[in-house]
Amino acid sequence: MAEAHRRQGSDPADALARAGIDPALLDDPANRVTAKQMEVMSEVSMRTLDDEALGWFSQPLPWGSYGMLCRASLSSPNLEVALKRWCRHHRLLTRDILLTLSQHEGQAQLSIDVRRPLGEFKEFCLVTILRMSLGYACWLIDSRLPLLHAHFPFPMPEHVEIYPPLFCEALHFDADAANIVFDAQYLALPLRRDEAALQAMLRRALPLTVLQYRRDRLLVQRVRQVLGTELLSSTTAERVAERLNVSVRTLHRQLQDEGASLQQLKDDARRERAIELLERSTASVKQVAHAVGFRNDKSFARAFRDWTGFSPSEFRERGTG
């Protein structure tokens with residue numbers, strides 16, 4: 001940002017001072033600023049330079065450009081349409097980079113195609129645009145969008161420790177292009193924001209680019225999918241959390257936020273699997289009990305009666321009667 005000032009013949013001293021950043025800190029790459037300092041300096045610099053891109057592109061983006069972009073996608077019926085509009089309308093701002101949304105085998109990918117050399121602004125530009133797009137998408141659907149992968153077309157930086165909190169653990173550097181990948185199921189979620197919410201968000205938009213959303217509106221569905229493919233007898237909270245790339249604590253907290261629990265979802269999966277086996281297979285009750293994670297058929301029979309009002313044998317007899 002300081003370099004963007006200098007390129008336009010502007011002294012960054014005022015922006016640094018208003019953000020409470022000692023100019024001497026810029027001399028050492030190991031120094032860090034807080035998210036609040038980043039927010040203040042970004043806004044002051046964007047307004048002073050009248051460039052929301054902060055020097056990235058061949059032409060400046062006047063103050064309010066990204067607000068216009070947000071507004072253009074706000075009326076979309078779901079996230080897929082909103083992101084496609086976001087990518088298409090971004091071309092009205094600049095052709096130096098092109099954003100695209102694609103899908104393949106259940107995964108969605110938001111990519112950046114660099115059409116003009118970005119020089120020393122390359123990392124700053126690509127990281128910010130990806131995080132801005134991700135943050136806005138999360139805000140639109142009021143849900144976390146857990147990333148499966150993130151790719152960057154430059155070497156791993158010395159400050160790589162800041163990347164997992166911004167994106168995910170599955171980071172790939174020296175890639176062919178910049179992109180983020182997530183479960184395509186999120187594209188079908190409806191938007192939950194209106195013009196009033198947009199106005200409030202734009203007054204403090206930067207946190208969207210640095211803070212992870214906590215709520216995951218598809219977490220319950222994603223946990224059910226994991227439980228549907230795992231051996232229920234060995235499916236622990238640690239295993240589910242690992243499959244979903246979250247901590248165990250985060251898993252339990254977010255399920256609670258969605259009015260669910262892992263035990264409840266495991267019981268649901270056990271019941272559905274047990275019913276399927278009793279109706280469609282010739283497996284014995286003991287074999288069914290073991291298949292759905294019970295150590296013996298007696299405890300399974302008690303649980304099954306609680307679920308259905310029948311013992312496993314009675315249930316099977318009803319289906320064949």
Subset of the stretch 161-181 [hydrophobic (A, V, I, L, M, F, W, C), more than 20 Å from T100 (Cβ to Cβ) and at pLDDT 95 or above]: L171, F173
Positions within the stretch 160-191 being of a type outside the set (A, V, I, L, M) and over 18 Å from Q212 (Cβ atoms), in sequence order: H172, F173, D174, D176, N179, Q185, P190
Number of the exception - A205 against (1) touching a Leu at 6+ places or on another chain (Cβ under 9 Å); (2) part of a loop (DSSP other than H, G, I, E, B); (3) within 22 Å of M68 (Cα to Cα); (4) modelled with pLDDT under 90: (1)
Test result for L49, farther than 26 Å from E158 by Cα and either surrounded by 12 or more Cβ atoms within 10 Å (Cβ to Cβ) or not assigned by TED's automatic domain parsing to the domain that holds H89 (or both): yes
Test: residue in the stretch 278-294 that is hydrophobic (A, V, I, L, M, F, W, C), surrounded by fewer than 16 Cβ atoms within 10 Å (Cβ to Cβ) and within 22 Å of Q212 (Cα to Cα): no
Count of residues meeting criterion [among the hydroxyl-bearing types (S, T, Y) and closer than 22 Å to Q287 by Cα] in the stretch 219-267: 5
Test: L118 is modelled with pLDDT of 95 or more, in contact with a helix residue (DSSP H, G or I) (Cβ under 6 Å, 6 or more places away or on another chain), surrounded by 14 or more Cβ atoms within 10 Å (Cβ to Cβ) and under 29 Å from D28 (Cα atoms): yes
Residue in the stretch 291-303 that is farther than 30 Å from H252 by Cα, in contact (Cβ under 8 Å) with a residue 12 or more places away in the chain and aromatic (F, W, Y) present: no
Condition check for R273: under 20 Å from the mean Cα position of the chain (by Cα) and either in a helix (DSSP H, G or I) or surrounded by 14 or more Cβ atoms within 10 Å (Cβ to Cβ) (or both): no
Residue, nearest to the chain's Cα centre (by Cα), within the stretch 243-266, restricted to residues that are assigned to a helix (DSSP H, G or I) and aliphatic (A, V, I, L, M): L244
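Yes or no, residue by residue, for (1) more than 30 Å from L187 (Cβ to Cβ); (2) crowded, with 18+ Cβ neighbours inside 10 Å; (3) in contact (Cβ under 8 Å) with a residue 24 or more places away in the chain; (4) not hydroxyl-bearing (S, T, Y):
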position	(1), (2), (3), (4)
P12	yes, yes, yes, yes
R18	yes, no, yes, yes
A35	no, no, yes, yes
V44	yes, yes, yes, yes
A53	no, yes, yes, yes
W56	no, yes, yes, yes
L61	no, yes, yes, yes
G67	no, no, yes, yes
V81	no, no, no, yes
Residue check, R302 in a helix (DSSP H, G or I), modelled with pLDDT under 90 and assigned by TED's automatic domain parsing to the domain that holds T229: no
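The values are calculated or read from the model by the stated rules, or taken from the named source; none is laboratory data. Every value quoted in this text rests on a predicted model; they were computed, and no experiment measured them. Ideal geometry is used to build each Cβ from the backbone, glycine not excepted, and the neighbour counts take in all protein chains shown.
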